[in-house]
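S.K.: Structure provided below as structure tokens; questions to follow.
The values are calculated or read from the model by the stated rules, or taken from the named source; none is laboratory data. Quick caveat: nothing in here was measured; it's all calculated off a predicted structure. Here Cβ is always computed from backbone atoms with ideal geometry, including for glycine, and neighbour counts include all displayed protein chains. The area values use the complete protein model at the heavy-atom level, side chains included, leaving out ligands, DNA and RNA. Shrake-Rupley method; radii C 1.70, N 1.55, O 1.52, S 1.80 Å.
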Amino acid sequence: MKKPIYVIGHKNPDTDSICSAIAYAYLKNHTTEENYIPKRAGEINDETKYVLEKFGIEEPTLIEDVGPQVSDIDFRRTEGISRHETLRNAWLKMKELGVVTLPVVMKDGRLKGLVTNGDISSSYMDVTDNYVLSRARTQYKNIIETINGTILAGNSHAYFTKGKVVVPGGNRDLMRREVDQDDLVILGNIPERQRIAIEEGASCVVVCGGGNVAKDIIEIAEKNECILIVTDYDTFTVARIIHQSVPIEHVMTWWGLTSFELDESVDEVKLAMKKVRYRDFPIRDDNWKYVGMLSRRNLMDLQRKQVILVDHNEKNQAVDGIAEADVLEIIDHHRLGSLETLQPIFFRNMPVGSSGAIISAMFEENKVEIPKDIAGLLCSAIISDTLLFRSPTCTEFDKAEAEKLAEIAGIDMKPHALAMFEAGSNFGKKTPKEIFAQDFKVFNVGDISFGVSQVSSVSRRRLNAIKEGLCSILEDERVSNNLKMVYVLLTDIFDEDTEVLFNGSEAKEILLKAFDEEAYCEDTDSFVLKGVVSRKKQFAPPVIEAIQES
């Protein structure tokens, strides 16, 4: 599958933002060969949930940051190795793949550890430790494979767990003193010395130099439950390479292992890489399943996420990390904002009431038939953003597109709008903070930032019920968002008026400049703006102008 291109609306998404993202992704998938996926940059509100459920559309998955992640890097898919593999096999695997690090994985694919060529080299240098094979619980089949041997007696699947590795020298008496119970003894093909080793309790005897081992020696070995192995290698070679049969789990790094998840940010990866000496790092999923290997060099092959923005073009309204993503297109109906792109892009901006209306027209322009469910979404987007054509932002273009879409979707707009607004007015289970955040936008005027939350309802009674709770959090919201002023618009859709709550040292003075002083109500310490229902066209512009004149 091709790399996805995400179609995303603004933070604190409304119905227009979500429905337009879904519809535009559908349109792009039917006019191009790319892979477009709608996403959301925040939690959807109850009105939008109602619309999605009505038309049987699945809610887009959440994406909180489009900055580069590990998944955007062209990392290596190096095959993992079992913890039971020998040092020799690990070394050969490294040479075959041209790498210096191997991931150690369990049978179910979970990451267990990491082994490097340095770990293997260090084990070669520890030549005085002749207990290393037993301490590492080395399986006899690993020893047989490493020295290219053949088993003549015993079970190759057993483990060497006690004793030392010894190459006895001298006469028979000296040999009896050198060999202890459970030792692994390496010697030549001399039957008498083999017999002594077995009688002294060796757990394994390795006969070097090849040739036939006497039948009675094999029988004695079986009787004493001694592993008997023969190899063509000479004694020196076997003694030199036998420690390569140690399982890699004995030398691998597992405690404090630095690994990365696919969704981890590249900035976090760079910081972590500075603290450790490894050249390569394992990548895992959130279930600890091994995925691949990442090196510092791979960071140079970073591929930015590709996105299309709908219903906004302000940087502070966009999903986090937008400055580090490739913005390919913008479809919007708001004023030009602060967003910058790396290269020229397709930018469709129209002075209409809804992004949904623009996208509806683009279906016709591209000669793509609008399905019934997509038509329902786009019609709902227009109804929501124009407050069923009551908003001054609404144009004849919006009305015409909505009527066309309603016919395709088979809906009566007025009852549908009432059901939508009723769903959006259900504040009962929400905290003041959740209500405040569901449709909140930040505006910048020079070095001054102010925020506006709009809460709409078909009932003034419902708006009055949440007013006290909203007033109690305004100061905290202003401070936490680093704003000079913050406003809440309590909009009665059917009466077409808005009560404005405010916070900030200059918030009241700005409203007095922006609107008629008679709109201020001293009893409630709020402003009541008759005929004002649009944040974009009726509230924000006069506030911005008042700030500029201050």
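S.K.: Exactly one condition in (1) in contact with a helix residue (DSSP H, G or I) (Cβ under 8 Å, 6 or more places away or on another chain); (2) under 22 Å from GLN244 (Cβ atoms); (3) touching a residue at least 40 places away in the same chain (Cβ under 8 Å); (4) of a type outside the set (Gly, Ala, Ser) is not met by GLU79; state its number.
M.R.: With respect to (1) in contact with a helix residue (DSSP H, G or I) (Cβ under 8 Å, 6 or more places away or on another chain); (2) under 22 Å from GLN244 (Cβ atoms); (3) touching a residue at least 40 places away in the same chain (Cβ under 8 Å); (4) of a type outside the set (Gly, Ala, Ser), GLU79 is out only on (3).
S.K.: Test PHE389 against the stated conditions and say whether it is touching a strand residue (DSSP E or B) at 6+ places or on another chain (Cβ under 9 Å) and either open to solvent by 40 Å² or more (accessible area, probe 1.4 Å) or in a helix (DSSP H, G or I) (or both).
M.R.: Judged against the criteria, PHE389 is not a match.
S.K.: Output the residues belonging to the range 457-498 that are more than 34 Å from the chain's Cα centre (by Cα), surrounded by fewer than 17 Cβ atoms within 10 Å (Cβ to Cβ) and part of a loop (DSSP other than H, G, I, E, B).
M.R.: Those that are more than 34 Å from the chain's Cα centre (by Cα), surrounded by fewer than 17 Cβ atoms within 10 Å (Cβ to Cβ) and part of a loop (DSSP other than H, G, I, E, B): SER459, PHE494, ASP495, GLU496.
S.K.: Further question: Among the numbered criteria (1) open to solvent by 60 Å² or more (accessible area, probe 1.4 Å); (2) closer than 25 Å to THR253 by Cβ; (3) basic (Lys, Arg), which one does LYS2 miss?
M.R.: Single failed check for LYS2: (2).
S.K.: Report, ordered by the first and then the second residue, all pairs with beta carbons closer than 8 Å, sequence separation of six or more or different chains, a first member in the range 194-206 that is on the phi > 0 side of the Ramachandran plot, and a second member that is open to solvent by less than 10 Å² (accessible area, probe 1.4 Å) and β-branched (Val, Ile, Thr).
M.R.: Cβ pairs passing all conditions: GLY201/VAL179.
S.K.: Is there a residue being closer than 10 Å to ILE248 by Cβ, in contact with a helix residue (DSSP H, G or I) (Cβ under 6 Å, 6 or more places away or on another chain), at pLDDT below 90 and surrounded by 13 or more Cβ atoms within 10 Å (Cβ to Cβ) anywhere in the range 100-122?
M.R.: The answer is yes; a qualifying residue exists.
S.K.: Can you tell me which residue within the range 499-536, out of those that are open to solvent by 20 Å² or more (accessible area, probe 1.4 Å) and of a type in the set (S, T, N, Q), is nearest to the chain's Cα centre (by Cα)?
M.R.: ASN503
S.K.: Checking the structure you have, find out if any residue of the range 49-66 is more than 30 Å from ALA409 (Cα to Cα), surrounded by 15 or more Cβ atoms within 10 Å (Cβ to Cβ) and aliphatic (A, V, I, L, M).
M.R.: Yes: one or more hits.
S.K.: Moving on. Quick one: what pairs do we get from the range 497-520, first residue more than 19 Å from GLY469 (Cβ to Cβ), second among the small types (Gly, Ala, Ser) and surrounded by fewer than 17 Cβ atoms within 10 Å (Cβ to Cβ), C-beta under 9 Å, 6+ apart or different chains?
M.R.: What qualifies is ASP497/GLY531; GLU506/SER550; GLU509/SER550; ILE510/SER550; LYS513/SER550.
S.K.: Which count do you get for residues in the range 348-376 that are touching a strand residue (DSSP E or B) at 6+ places or on another chain (Cβ under 9 Å) and in a loop (DSSP other than H, G, I, E, B)?
M.R.: 1
S.K.: Tally the residues that are open to solvent by 70 Å² or more (accessible area, probe 1.4 Å), within 13 Å of MET252 (Cβ to Cβ) and assigned to a helix (DSSP H, G or I), restricting the search to the range 77-90.
M.R.: Count: 0.
S.K.: Could you give me the residue pairs with C-beta distances under 6 Å whose first residue belongs to the range 444-469 and is under 13 Å from ASN426 (Cβ atoms), whose second residue is open to solvent by less than 20 Å² (accessible area, probe 1.4 Å) and of a type in the set (Phe, Trp, Tyr) wherever it lies, and which are 6+ apart or on separate chains?
M.R.: From the range 444-469, the pairs are VAL458/PHE421; ILE466/PHE427.
S.K.: For the range 499-510: of the residues being in a loop (DSSP other than H, G, I, E, B) and on the phi < 0 side of the Ramachandran plot, which is modelled with the lowest pLDDT?
M.R.: Only one residue tops the list, namely SER505.
S.K.: Same structure, new question: Go over the candidates GLY356, GLY428, GLY337, GLY376 one by one and state the one that is buried (at least 23 other Cβ atoms within 10 Å of the Cβ) and within 23 Å of LEU489 (Cβ to Cβ).
M.R.: GLY356
S.K.: Mind listing whichever residues of the range 528-550 are of a type in the set (A, V, I, L, M, F, W, C) and touching a strand residue (DSSP E or B) at 6+ places or on another chain (Cβ under 9 Å)?
M.R.: Residues satisfying the conditions are VAL528, LEU529, VAL532, VAL533, PHE539, ALA540, VAL543, ILE544, ILE547.
S.K.: Please work out which residue is nearest to ASN212 (Cα to Cα), limiting yourself to the range 149-178 and to residues that are modelled with pLDDT of 95 or more and open to solvent by less than 10 Å² (accessible area, probe 1.4 Å).
M.R.: Among those that are modelled with pLDDT of 95 or more and open to solvent by less than 10 Å² (accessible area, probe 1.4 Å), it is ALA153.
S.K.: Pick from MET300, MET350, MET293: which is aliphatic (A, V, I, L, M) and touching a Ser or Thr at 6+ places or on another chain (Cβ under 8 Å)?
M.R.: Step by step, each of MET300, MET350, MET293 is checked, and only MET293 is aliphatic (A, V, I, L, M) and touching a Ser or Thr at 6+ places or on another chain (Cβ under 8 Å).
S.K.: Determine whether the range 187-198 contains at least one residue that is buried (at least 19 other Cβ atoms within 10 Å of the Cβ), among the small types (Gly, Ala, Ser) and modelled with pLDDT under 95.
M.R.: no
S.K.: Are any of the residues in the range 31-39 in a strand (DSSP E or B), closer than 30 Å to ASP280 by Cα and either open to solvent by less than 20 Å² (accessible area, probe 1.4 Å) or not charged (D, E, K, R) (or both)?
M.R.: Within the range 31-39 (the criterion being in a strand (DSSP E or B), closer than 30 Å to ASP280 by Cα and either open to solvent by less than 20 Å² (accessible area, probe 1.4 Å) or not charged (D, E, K, R) (or both)), the answer is no, since none of the residues qualifies.
S.K.: Now a separate question. How many residues are among the β-branched types (Val, Ile, Thr), closer than 21 Å to THR491 by Cα and modelled with pLDDT of 95 or more when one looks only at the range 387-418?
M.R.: 1
S.K.: Checking ASN316 against (1) more than 27 Å from ASN45 (Cβ to Cβ); (2) touching a Ser or Thr at 6+ places or on another chain (Cβ under 8 Å); (3) polar (S, T, N, Q): exactly one of these is not met. Which one?
M.R.: Just one mismatch for ASN316, condition (1).
S.K.: Of the residues VAL100, VAL165, which is touching a strand residue (DSSP E or B) at 6+ places or on another chain (Cβ under 8 Å) and under 21 Å from GLU199 (Cα atoms)?
M.R.: VAL165
S.K.: Could you please let me know if ARG240 is open to solvent by 50 Å² or more (accessible area, probe 1.4 Å) and modelled with pLDDT of 90 or more?
M.R.: yes
S.K.: Inspect all residues belonging to the range 394-404 and state whether any of them is within 18 Å of LEU418 (Cβ to Cβ), touching a residue at least 40 places away in the same chain (Cβ under 8 Å) and in a helix (DSSP H, G or I).
M.R.: yes
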